[in-house]
Every structure is written in structure tokens, then in C-alpha cells.
Amino acid sequence: MIDIKSMTLEELKTDMAELSEKPFRAKQLHEWMHKKLAESFDEMTNISAALKEKCRQRYSYTNLKCIRQQESKIDGTKKFLFELSDGNVVESVWMKYKHGNSVCISSQVGCRMGCAFCASTLDGLARNLAPSEMLDQIYAITRLTGERVSNVVVMGTGEPLDNFDNLLIFIRLLTDEEGLHISQRNLTVSTCGLVPKIRELAEKKLQITLALSLHATTDEKRRKLMPIANKYSIRELMEACSYYFDQTGRRITFEYSLVGGVNDTDEDAGELIELVKPLNCHVNLIPVNPIKERNFVQSEGSAIQAFKNKLEKNGINVTIRREMGRDIDGACGQLRRRHIERSLQ
């Protein structure tokens, strides 16, 4: 069956013609799915019973089922566990900020990148998410919270650039004025550093923010934390980031997880300054979220502050990521992993 929520309006118009339906029907369907956030064809009141039946026969309709919801008592962050049509589960996070509501979504079921400090990758990759499954995390959260989402971060479970084609369709649908019409500038896509895909993304000349998970300043240290570093060196990575900025004019964000005693020394800070200073960039320092399957510990507060101060003194734009939802399995992949563990017991 055809995944109707992953179709663009133009594709839907072409398909309606094949069903001997007028083009305006495509716009009606599209509006129900992407503006009114209908959960099924049944909710579409201006669509005839005959067309609804045609649609049921021809299309699959993505509608994620929320099977668990947690809310932080600290900051109101909400974490959702969604079940997909094949029984797989993904997680998403809703965060409230002064500038608006932000949602962090997953792009894959599991992940094959193997980063040492991340719970998302512990069970490997099950499959890619369809554009509709990425979108519907946002749609479901919008319905469940009753509040508009203004910022989207593709930084949950999965490596977005490892699901490249579906990611591009998702971006097109999310930012389309016929849909939620979220600005590309309000969309951040994270990557652990797939160099050829960074270059390919750069050539699309989108206005999204690219966030690169760096986490170390030498190839040797990065290889211990991130297997992808065995394939692409930091030099290749920096060249790709420079190319991305040249093509898009968009400043790169470098994500740097501070792990106590591993990458948080004064020497590490100096190496990071040397590495990123030639680039127009922002550094986001992340106090690592400990997971029970790994023995990493969060850096001391004083070490985090000293690291930040050194970067600032050297003219690097830097922030410390505000910890959200720490009391509700806040790190990527934790809620999904707990669910899998419980289901296996």
C-alpha cells in the first residue's frame, strides 16, 4: 500500500487523477493530514464515503499510538513512547521554552552508529522511519499537549543522515506552507559525522541548522567514543563542515558531550578551540547523561564551567545545554530501552 502521509501535495494530485478524482480532493486530504492532524480517514468530514473507501483500499495511514508518557516534575518536559504499525517503538520529547515549544524526534528504530555513551544504539538498528512516522511524532504530540510546536530537533534515536532520502521528504512536508509550515531555520538535524552525506546535504542549500556530534578533539579519542571516527577523520569532518557553511551560509553547531576524566580537561578545551576556531560555529557543551549500560560519568560542575570559560575567552560562541527531563529517562533511547527490557522479562 502507498504511504499517503509521506506524499507531497503534487504527488497526491497525480494520484487523485489516477483514481478519477478532481485535484482539489488532494488538497482536502493533505489539509486533513498535515494541518488538521486527522488520525484517520473517518475524521475527514468533507470527503465522500466513496473516496474514503478508495483511500482505505489504496493507502496506509500512519497514526502513532502513544503507549507511555512521562512528565518531569522538575521542568515539565514530556517524554512519549510511540508504537508503530509493526509493533516497533520510538520515543520523542516535548520541551517548553520561553521562545516556544520544541519537540525532539527519532529518525530510526534503533541506531547502528554505536556511539559509546548513547542508549539508542545498544540494540542496533531495526529499520528506518518513513517520513510519515517522523512527522506523526510531532502531530501526535501536538494533539496530546494541545499546544503548537515551533521548533523541531531531529536528535532522538537514530542517525538522521543514515535515513537521508526519508529525512529530505520529512523536511519538505514539515516546512511546507500547506502543512505545519515550520520554518527551516527552526529545524535542527543532528549527525555523528557521515561526511559524504554532510556534503550532499550542503548541496541541497537548506536553511536548517546542522548539529555535529563531535565529542572529542583527536581521532584517537574520538574513535574510542564513536565508531564512525574509524571511517572519517576529524580533518575530513572539518572540511565537510566548512563546505556546508560555504554552501548554505548556516553556522554549524558542534555538540560536545563532557565525560568526566575522558574529554573534559584543560588540554581538551585548548584542542577544541584550535579545531573549531577557523569555522563559523557554535559549541553546545552537554553534561553526559549517565546510562547504566556504560560506565561514563558526568563531568564535575566546576570542570564544565572551566571548559566553557576557556572557550569563551578565546572567542568561541558556547553554551551549556540545559538539562531537561533528567528525572524521566532523559537521555536518548533510555525510555525505549526500558520498554524493551520489560517486554523481554
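The values are calculated or read from the model by the stated rules, or taken from the named source; none is laboratory data. Everything quoted here is computed from the prediction, not taken from an experiment. As a convention, Cβ positions derive from the backbone with ideal geometry for all residues, glycine included, and neighbour counts pool all protein chains shown.
Residue check: is VAL90 crowded, with 23+ Cβ neighbours inside 10 Å, under 19 Å from THR191 (Cα atoms), under 14 Å from the mean Cα position of the chain (by Cα) and assigned by TED's automatic domain parsing to the domain that holds GLY193? Walk me through it before giving the result.
Numbers: crowded, with 23+ Cβ neighbours inside 10 Å: yes; under 19 Å from THR191 (Cα atoms): yes; under 14 Å from the mean Cα position of the chain (by Cα): yes; assigned by TED's automatic domain parsing to the domain that holds GLY193: yes.
Spelling it out, VAL90 is indeed crowded, with 23+ Cβ neighbours inside 10 Å, under 19 Å from THR191 (Cα atoms), under 14 Å from the mean Cα position of the chain (by Cα) and assigned by TED's automatic domain parsing to the domain that holds GLY193.
Could you say whether any residue in the range 215-230 is touching a strand residue (DSSP E or B) at 6+ places or on another chain (Cβ under 6 Å), modelled with pLDDT under 95 and crowded, with 22+ Cβ neighbours inside 10 Å?
Within the range 215-230, the subset touching a strand residue (DSSP E or B) at 6+ places or on another chain (Cβ under 6 Å) is 215.
Next, from what is left, pick out any that are modelled with pLDDT under 95: 215.
Still in the running and crowded, with 22+ Cβ neighbours inside 10 Å: 215.
Within the range 215-230 (the criterion being touching a strand residue (DSSP E or B) at 6+ places or on another chain (Cβ under 6 Å), modelled with pLDDT under 95 and crowded, with 22+ Cβ neighbours inside 10 Å), the answer is yes, since at least one residue qualifies.
Quick one: which of VAL259, VAL195 is modelled with pLDDT under 95, assigned by TED's automatic domain parsing to the domain that holds CYS104 and not basic (Lys, Arg)? Steps first, answer last, please.
On the way: VAL195 fails: modelled with pLDDT under 95.
Exactly one of VAL259, VAL195 is modelled with pLDDT under 95, assigned by TED's automatic domain parsing to the domain that holds CYS104 and not basic (Lys, Arg), namely VAL259.
Return yes when ARG199 is under 23 Å from the mean Cα position of the chain (by Cα) and either under 30 Å from GLU31 (Cβ atoms) or of a type in the set (Lys, Arg) (or both) and no when it is not.
On the way: under 23 Å from the mean Cα position of the chain (by Cα): yes; either under 30 Å from GLU31 (Cβ atoms) or of a type in the set (Lys, Arg) (or both): yes.
Taking the combined requirement at face value, the residue satisfies it.
Tell me yes or no: at least one residue of the range 203-220 is in contact with a His (Cβ under 8 Å, 6 or more places away or on another chain) and either among the small types (Gly, Ala, Ser) or not assigned by TED's automatic domain parsing to the domain that holds SER92 (or both). Talk me through it step by step, then tell me what you get.
Quick first cut of the range 203-220, residues in contact with a His (Cβ under 8 Å, 6 or more places away or on another chain) only: none.
No, the range 203-220 contains no residue that is in contact with a His (Cβ under 8 Å, 6 or more places away or on another chain) and either among the small types (Gly, Ala, Ser) or not assigned by TED's automatic domain parsing to the domain that holds SER92 (or both).
Looking only at the range 238-281, which residues are in a loop (DSSP other than H, G, I, E, B) and either in contact with a His (Cβ under 7 Å, 6 or more places away or on another chain) or touching a residue at least 60 places away in the same chain (Cβ under 8 Å) (or both)? Give the steps one after another, and end with the answer.
Looking only at the range 238-281, we keep the residues that are in a loop (DSSP other than H, G, I, E, B), and these are 249-251, 260-265, 277-280.
ARG251, ASN263, listed by residue number.
I need every pair where a residue in the range 134-161 that is over 25 Å from PHE254 (Cα atoms) has its Cβ under 8 Å from the Cβ of a residue that is among the small types (Gly, Ala, Ser) and assigned to a loop (DSSP other than H, G, I, E, B), sequence separation at least 6 or different chains.
If the second residue must be among the small types (Gly, Ala, Ser) and assigned to a loop (DSSP other than H, G, I, E, B), the pairs left are GLN137/SER106.
Yes/no per residue for (1) under 26 Å from ILE67 (Cα atoms); (2) part of a helix (DSSP H, G or I):
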| position | (1), (2) |
| --- | --- |
| ALA140 | yes, yes |
| VAL149 | yes, no |
| VAL153 | yes, no |
| LEU167 | yes, yes |
| GLY193 | no, no |
| PRO196 | no, yes |
| GLU220 | no, yes |
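Are there any pairs, at least 6 apart or on different chains, whose C-beta atoms fall under 9 Å, with the first in the range 14-32 and within 11 Å of GLY179 (Cα to Cα) and surrounded by fewer than 19 Cβ atoms within 10 Å (Cβ to Cβ) and the second small (Gly, Ala, Ser) and modelled with pLDDT under 95, and if so, which?
Pairs found: GLU31/GLY179.
Of (1) without any contact (Cβ under 8 Å) to a residue 60 or more places away in the chain; (2) out of contact with any Leu (no Cβ under 9 Å at 6 or more places or on another chain), LEU225 satisfies all except one. Which?
Failed condition: (1).
Can you name every residue in the range 164-192 that is surrounded by fewer than 22 Cβ atoms within 10 Å (Cβ to Cβ) and either touching a strand residue (DSSP E or B) at 6+ places or on another chain (Cβ under 8 Å) or not assigned by TED's automatic domain parsing to the domain that holds ASN128 (or both)? Walk me through how you get there before you give the answer.
Looking only at the range 164-192, we keep the residues that are surrounded by fewer than 22 Cβ atoms within 10 Å (Cβ to Cβ), and these are 164-166, 168-169, 172, 175-189.
If the condition is that a residue be surrounded by fewer than 22 Cβ atoms within 10 Å (Cβ to Cβ) and either touching a strand residue (DSSP E or B) at 6+ places or on another chain (Cβ under 8 Å) or not assigned by TED's automatic domain parsing to the domain that holds ASN128 (or both), then ASN166, THR175, ILE182, ARG185, ASN186, LEU187, THR188, VAL189 are the ones that fit.
Of everything in the range 118-147, what is in contact with a Ser or Thr (Cβ under 7 Å, 6 or more places away or on another chain) and surrounded by fewer than 21 Cβ atoms within 10 Å (Cβ to Cβ)? Give them in sequence order.
As a first pass, look at the range 118-147 and keep what is in contact with a Ser or Thr (Cβ under 7 Å, 6 or more places away or on another chain): 120, 129-134, 136-137, 141.
Passing the criteria: only ALA130.
Here are the criteria: (1) at pLDDT below 95; (2) closer than 27 Å to LYS79 by Cβ. Tell me which single one SER150 does not satisfy.
(1)
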